[in-house]
1. Could you work out which residue, out of A:ILE184, A:ILE35, A:ILE340, moves most in a Gaussian network model of chain A, that is, has the largest mean-square fluctuation with Cα springs under 10 Å?
2. Once you sort the root eigenvalues of the Cα gyration tensor of segment B:263-431 as a ≥ b ≥ c, which label holds: rounded (a/c under 1.5), prolate (a/b larger than b/c) or oblate (the other case)?
3. Run the simple label-point estimate for B:THR200 and A:ALA200 please: 7 Å along Cα→C-beta, distance reported in nm.
4. Hey, which of these cross-link pairs are over 23 Å Cα-Cα: B:LYS28/B:LYS204; B:LYS297/B:LYS395; A:LYS41/A:LYS170; A:LYS294/A:LYS322; B:LYS251/B:LYS297?
5. Jot down the per residue volume, in cubic angstrom and as a whole number, of the convex hull over the alpha-carbon atoms of the protein assembly as shown.
6. Once you charge only the Cβ atoms, +1 for Lys and Arg and -1 for Asp and Glu, what is the size of the charge dipole of chain B about its Cα centre, to the nearest 20 debye?
7. Using a cut-off of 15 Å between beta-carbons, work out the net charge of the residues near B:GLU426 (Lys and Arg +1, Asp and Glu -1, B:GLU426 not included).
8. What does the net charge come to around B:MET1 if you take all other residues with beta carbon closer than 9 Å to its beta carbon, with K and R at +1 and D and E at -1?
Amino acid sequence: MALSFMEGNEAIAWGALEAGCRFFAGYPITPATTILNTMLKILPPKGGICLQGEDEIASIGFCLGASMAGMKAMTATSGPGISLYSEQISFAVGSEIPIVIVDVQRLGPSTGSATRGADGDINFLRWGNSGGLPVIVLTPADVNDCFYLTLQAFNLAEEFRCPVFIASNKEVGMTRESIDLAAIERPAIIDRTPPPSGEAFVPFKISAGRTVPYFQPIGDTVLVRQTSSTHGPEGYITIDPDQIAANQNRLMRKLHTAVDRFSFFDSYLENSDTMILTYGVTTRAAQVAADVLKNEGRPVSLLVLKTLWPVPVNLIQKKAQKASRVVVIEMNLGQYVNEITRVLAGKRVDFYGQMDGRLITPKQIKEAVVNG
Amino acid sequence: MDSLLNKDRPPVFCPGCSHKRITTALDKAFRNMGLKGNEVGIVSDIGCSGLFDTFFHTHALHGLHGRALTYAAGIKLARPELKVVVTMGDGGQGIGGAHLLAACRRNLDLTLLILNNFNFGMTGGQFSATTPPDAQVGSRFLNQLERPLDVCQVARSAGAPYVTRCSSYRKDLAAIIEQAIRFEGFSIIDMWGICPGRYTRSNKLTPKMIEASLGQLPPLEGVVAENARPEYGRRYRELAARQHPAAEPVKIEKKFDPPQIGRREVTLLGSAGQRILTAGEILCLAGLSAGLKATQKNDYNITVLRGPSISELVLSTEEIGFTGIDKPDVIIALSQEGIDRRKSLFGSIDQDTLIIQIPGVTLPPSQATIHTVNFKSSGIRSSDWATAALVILAKSNTVLTLQMLNAALEARFSDKSLSAAKDLVEKVKDSL
Ligand code: SF4
């Protein structure tokens, strides 16, 4: 066993490289800047491209152009930048442009505290696009997850042609940690699918048995038409309500019907009456709290979500089967708990949150469970 | 060469719209250059100029208002052989101003056609960045308050190497466009035109008047000599090819046994300039050499050269859960502002905690075992105190050993900095 020592942000960059990412653009912002720095170090010598945009809107715009031209692309920012990405995210959602977007969350609102962590963007990532169609959001708890989930994020972006977010946090992204890179299990790398030979390419046509259009890159021999406007299969603007409805429903369905395949999670002691549910860096304190409670003879279950959106409903319901009470812990004042309340209607759902730049401690979690 | 106009989608502009002339001229330029549809990418902005991509049988991308240049840049860098033409109105030029400036400075091989008709046609004739103050437009009096922008002068100052200002009614419009596309670098054509749908309903503007107004401005016809320089994409590839491959992440094998089993927490309290974070990293690397898991959580002000600097380290034979520290095994206290930032820490500690402090700092009262070390009087620079404190820990096999420390220094430093670090270890070992 040989260990390396790196930040979560660096692990994301190395993961991206291994996933086949060859285009990165970003704008400096704490606590995401070290992703830009690392990509700038590793991509150009590999024949890839790494740019610093004039602002966040440009950075993600470069990525969308490069992705449509066939490259696997990633960008990274924090809350203020994610806000600026919003209109481009909507473009990527509606026009099915594969892209991985890292949000190394910092304490908001607004410029907030640049060097303090939070999980305050969780609902913004899901709902911060016009039209409200689904996106994929993955949440790493540590440096291993940063590497592994980046591989998965690219695979999902390629397969489903959609933006995939990695909702990191200053406390994961900028915390250095030992990592055994060789020991991480890798998924097979997925690339966007061209039409099978013999089938003509139509930019947004859905072939039988598929929920996602085939991909051809702009710049190749076959002409490609991309548009941010509501479009029909040929990529021209349409006002036909039936065609529009079919497309919008598919954009929702393609992710909602597939989430069981990418519901990443960890769980411990599944049979207790009380279950802690959390995600991101708070996972780590929750794990310690669960150990302490077990040693004290009052075991609780723990479910750690690494896929937050689309909500992995089946997973959550299955894991919470034995629990009559679920305690949701978040590094914000209550966001994802609303989903849990919805999904686990009938169970008692309690919430504990903190949004002051400090990590939630195992002691706080234990008290929330015991005294709640 | 065949026309690249899309036979299924003929232009749908208002009668008399100058965009129609530009569509025809652009097609003629493509034909004269012998370009095939798949050799061209049209990136269109929003507004009536945003319809352009659909009229051509080429690669096409239509995106958000003002952002056309950003997509075009990504496409061009990914596909250097593609001729990329961007169509944008005076509206897009205004809202996308930052991208326009950056494109001029960057000099990527794109051709930007600004279809300048002095108002927002599609949304009802509101004023744009080029509307004259005395025009009657859909924004009531607001255009009287702002000065129109001469995008050509702006582009020139921003470094655009190719700027043309012309009337959309020029007979040689196709040739003008062709020249701009042929230019290797960022080229802009500011094309003045007429919007009968909106602008000329309340304002008189004829091709003759456009010609007359243009005649009063300094002519700009292509190459801007003072801005001549290599094209961005070509230059990027040249410079990128000269970059050394990034070193793979350093891997550290387990060579030693750790001095203790379980979890050990160390907090370094210092100031900017004391290389607190480097010392923290060294401690973690030392841990790795004994097969320990390690985490390092840092806290410092965004003004990197001033203020407290704090590093919180956890080394453990087990997986590390919580990365925070509330009852450290060791505190290394090297500056007052660092101590003050973590005052609350001292309330929770007892005699099991070892504090290594420098003389002259005041610690909050605690039960901890305190060891005061005067690094300064031994001639050690304050930037080395944190590492020196690690040597003191290593001497007593607390958290790390001297072997582990040496392995860490070898992993972290090379050449001169390595021998300086090793000298420091020897010095501290012998004298403190
Ligand atoms: S509104 Fe103006 S710019 Fe638009 S098509 Fe009509 S005349 Fe042309």
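Just so it is clear, none of the values below were taken in a lab; they were calculated from the coordinates. Quick caveat: nothing in here was measured; it's all calculated off a predicted structure. Every residue, glycine as well, gets a Cβ built from its backbone with ideal geometry; the counts of neighbours run over all protein chains shown.
1. Comparing A:ILE184, A:ILE35, A:ILE340 in a Gaussian network model of chain A, the most mobile one is A:ILE184.
2. Details: a/c = 1.37, a/b = 1.13, b/c = 1.21.
Because its axes are fairly even, with a/c under 1.5, segment B:263-431 counts as rounded.
3. My value for the distance between the label points is 4.0 nm.
4. In this structure, B:LYS28/B:LYS204; B:LYS297/B:LYS395 exceed 23 Å between Cα atoms.
5. It is 189 Å³ per residue.
6. Values: 50 positive and 42 negative charges, 217 e Å.
Dipole magnitude for chain B comes out near 1040 debye.
7. Numbers: positive: B:LYS395, B:LYS422, B:LYS427, B:LYS429; negative: B:ASP384, B:GLU410, B:ASP423, B:ASP430.
Once all neighbours under 15 Å are counted, the net charge is 0.
8. +1
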